[in-house]
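Working notes for the structure below.
The values are calculated or read from the model by the stated rules, or taken from the named source; none is laboratory data. A quick note: this is a predicted structure, and the numbers were derived from the prediction, not measured. Cβ sites come from the backbone with ideal geometry, for glycine too, and all protein chains shown count toward neighbours. Note: accessible area is taken over every heavy atom of the protein model, side chains too, but ligands, DNA and RNA are not part of it. Shrake-Rupley method; radii C 1.70, N 1.55, O 1.52, S 1.80 Å.
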Amino acid sequence: MTIRPWQTRSAIAASLMATLLAPLCWPAALAQAAEESLVSTTPTSLQAEADALYAKRQFKEALPKYEKLVLDTDTCESRMTSAKSFTPEQLKALTDLADCLCQTKQYSRARAIYEQIQSYWNKQPSCAIGAKNQLESELAVAGCYFHEHNYKETERLLPHCAELAKSKELDKSYQRRVSTLVQIYKGEALYRQRNYSSAAKVFEAALEQLTEDNTIYLSYDLNKMVLENLGGCYQYLGAFNKAEPILRAMALLDKNYFGDTDIRYGWSLFSLSEALKACHRNDEALPIYQKAIYVFRHNNRERIATEYGIDDEQLKQAALTESAEELEKKKKLAHALTIAIYGSEASANNSDGDKNLQQQTGHSSFFDHCERHPASEKLGAWNLKPSGYRDAPGWVWVDPRVPRKAVLVCIHGLGLHHKAYESFAQRICKEGITVVSFDVRGFGSFLESKGNETLNMAGCVSDIVNVLGELRQDYKGLPIFLLGESMGGALALRVAAKNPELIDGVVCSVPAGQRYRETGTKLKVAFNLVSNKNKELNIGKGVVNRSTSDQQERMRWSDDPNSRLNLSAKELLNFEQFMRQNAEYARKITKSPVIVFQGNQDRLVKREGTYDLFEAVGTQDKTLVLLGDREHLIFEANPFKDDITLGIVGWLNAHTKN
């Protein structure tokens, strides 16, 4: 056992006052722990424990161990007294701590440590090790500023980092790698500020450097970032001819790394199909788009199959442990699920839409040397990653045990995402309704899609129309209905007006654009349109609080990482202009049956607006349902109140017969 040399409160106070750690505002609990703990784990074992937790990405658990290492008896006093006397072990402990703070999003504390390390290396005699560490510590400081959204400081530091990377004391291959990294970081900072023109130039330079010198080692993550950011910039700039070869190379990269049914590959194909369509190359775009849809369906099917115990691995296990009769039941259920997801046998087997993908690209071969990020590697202050797609843009709920009656396509409200219909969909799919909910561009899964992170109402209408066209073709004989709530309700009306042949009816909940207390938001939008139209406004608190009085639901919505409640003035203006046209398009709905829902306790959307919109709907087959105890969220409420299930199912069934 090692007894700590200090035993009094005054000794601790005196020591801490002179410390490097003091400006970092260490928690009182940490100082108290240092005082009360008389027994110290040996630094070697503690380091191993911390590193093991870090490698498992258990950063919160690793952090106190790294903090304890910094305060360890054997090194504490020398570490605290002067930045001139750091040993390599001490520098490693501080660097590890700063890194772990970054992974727990404590960037201000991490930056203070990196700045102290940087100050130390700036004072050291010139040498290769010193030059490398000086560069990396300053780059880490820039990374902290980046994650604090202080892009001006980030851009101020990065050019100096680029100069440091030219030091003659650094290895040439290291110089090239770091120079490319600095370009990527600079481009990402510009992209986050929506300065797409400048960002494109930076990423073009990075791509040129990569393709001219394939000795530069970069992980798959960073190579993918160059491609997807450059492709995203071109999409926002409308340069689709430039975007197409970049996005094609990105799709090939994902296919080679993850296979042709991986969700990342599906998203890359989706982006490529958009670029091809914008270039008026529809014959090429359609099969690529259909392959993307196939991939998204595949991932939905795998998820649901696992829930029902009928995925491929589970069936293999059942073949070894269960009777032939039970195995046959499971196989039939698996087949029923396949048909429910794909619509038909032909669609389930139509997986070759990407067979011509490798044509017409000269970029993909330059990325063959990429490697995946080693799991044990430290992530660093920047820790930038390419889009980490977890979900398809469409989320499916189906009960394969129940005969199929209809397909219901859902569109979510402002600030929400496709899983907001979870409670409602879980209930109604038991009635034989296959539910497919789609994200609006700028929300949910689209937040990961470069070039599609901003609200785009017209783009969403196009998405829904394209999807409905595929569903019509695949689900022959089944009626297809469209449901939208709030913003989603307005989108549903627009689709019904423009493409009535694609649907059999519309379920529309609180679709009006007239809102309570909207004057303040309009003033903020007007001000930002003049000062900075791309600066995001936080509309979350007002929207969430007026949508529901349920405190748990408010917290769930606000804390949901897939929700988005900050929108720019430009996006909010786009939203407002779209909503203003509701009545105009409602009058054009003359064929599709419509049922409109309004909560009488709604404190976000004015009831009178919904009433007026209902009157504007052109069809005679329309129904208005006023729910006395409901607030704004009806179908996206969690939990969904089951008392209207039979009513909505009855309405769908009635129009299914028609």
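Accessible area of residue 172 (1.4 Å probe, protein heavy atoms only, ligands and nucleic acids ignored): about 140 Å². In the calculated pair-distance distribution of segment 206-349, the portion above 27 angstrom amounts to 39 percent of the Cα-Cα pairs.
The equivalent ellipsoid that matches the C-alpha gyration tensor of the chain spans semi-axes of 49, 29, 27 angstrom, in descending order.
The 1.4 Å probe gives accessible areas that order 482, 573, 237, 627, largest first, as 237, 573, 627, 482. Placing a label point 7 Å from the Cα of residue 587 along the Cα-to-Cβ direction, the residues of segment 594-632 whose backbone N falls under 14 Å from that point are 613-619. Across segment 572-583, computed HN-Hα scalar couplings (Karplus, 6.51 cos²θ - 1.76 cosθ + 1.60, θ = phi - 60°) run 5, 5, 4, 5, 4, 5, 5, 5, 5, 8, 3, 4 Hz from first to last residue, x flagging Gly and Pro.
What do you get for the angle between helix 457-474 and the principal long axis of the chain? Use alpha-carbon atoms, 0 to 90 degrees, nearest ten. Helix 457-474 sits at roughly 60 degrees to that axis. Annotation for segment 83-148 versus segment 228-288: alpha-carbon center distance of 38 Å. Taking loop as defined by DSSP and a crowding limit of 14 other beta carbons within 10 Å, which GluC sites (Glu not before Pro) in segment 236-323 fit? Passing sites in segment 236-323 are 322. Relative to the dominant Cα principal axis of the chain, helix 487-498 is inclined by about 50°. For segment 409-564, what class follows from the C-alpha gyration tensor (a ≥ b ≥ c being the square roots of its eigenvalues): rounded when a/c is under 1.5, otherwise prolate if a/b is larger than b/c, else oblate? It comes out prolate by the Cα gyration axes. Per-residue 3J(HN,Hα) values for segment 626-643, derived from phi via the Karplus relation 6.51 cos²θ - 1.76 cosθ + 1.60 with θ = phi - 60°, read 9, 9, x, 9, 8, 9, 6, 7, 10, 7, 9, 5, 10, x, 5, 7, 6, 5 Hz in sequence order (x marks Gly and Pro).
Relative contact order, percent, of the chain when contacts are C-alpha pairs under 8 Å separated by at least 6 residues?
Numbers: 1030 pairs, mean separation 59.5, N = 658.
Here the relative contact order equals 9 percent.
Computed with a 1.4 Å probe over protein heavy atoms only, the accessible area of residue 262 comes to about 30 Å². Close amide H partners of residue 625, meaning residues 5 or more places away or on another chain with modelled amide H under 5 Å apart, are 596, 597, 598.
So, R0 is 56 Å and r is the distance between the beta-carbons of residue 45 and residue 198; what FRET efficiency does that work out to, to 0.05? Intermediate results must be reported in sequence, preceding the final value.
Values: r = 49 Å, r/R0 = 0.88.
The value I calculate is 0.70.
Taking the empirical scaling 2.2 N^0.38 Å for compact globular proteins as reference, segment 574-650 has a Cα radius of gyration ratio of 1.17.
On alpha carbon coordinates alone, what is the Rg over Rh value for segment 256-326, Rh being the Kirkwood radius?
Working: Rg = 17.1 Å, Rh = 14.1 Å.
Here the Rg-to-Rh quotient is 1.22.
Projecting the Cα atoms of 308, 461, 614 onto the charge dipole of the chain, computed from C-beta unit charges around the Cα centre, puts 614 farthest toward the positive end.
Note on the chain: with neighbouring protein chains present and a 1.4 Å probe, carbon and sulfur make up 51 percent of its accessible heavy-atom surface. Extension gain, residue 325 to residue 156: 0.36 nm times the residue separation minus the Cα-Cα distance gives 53.9 nm.
Among beta bridges identified by DSSP and lying wholly in the chain, the antiparallel ones come to about 25 percent. Rolling a 1.4 Å probe over the heavy atoms of the protein chains gives the chain an accessible area of 44 Å² per residue.
Checking the cross-link pairs 332/419; 105/385; 541/588; 277/622; 329/641 against a 24 Å limit on the alpha carbon distance flags 332/419; 541/588; 277/622; 329/641 as lying beyond it.
Rounded to the nearest 500, the 222 nm mean residue ellipticity of the chain from helices alone is -18000 deg cm²/dmol, with -39,500 (n - 2.57) taken per DSSP H run of at least 4 residues. Amide H contacts of residue 537: 567, 568, 569, each under 5 Å away and 5 or more positions distant or on a separate chain (H built 1.01 Å from N in the peptide plane; Pro and chain starts excluded). Near residue 481, the amide H atoms lying under 5 Å from its own belong to 407, 408, 409, 504; only residues 5 or more places off or on other chains count, and H is placed 1.01 Å from N.
Relative to the present Cα-Cα distance, how much length would full extension add between residue 89 and residue 656 at 0.36 nm per residue of separation?
Taking 0.36 nm per residue and subtracting the Cα distance, the gain is 196.9 nm.
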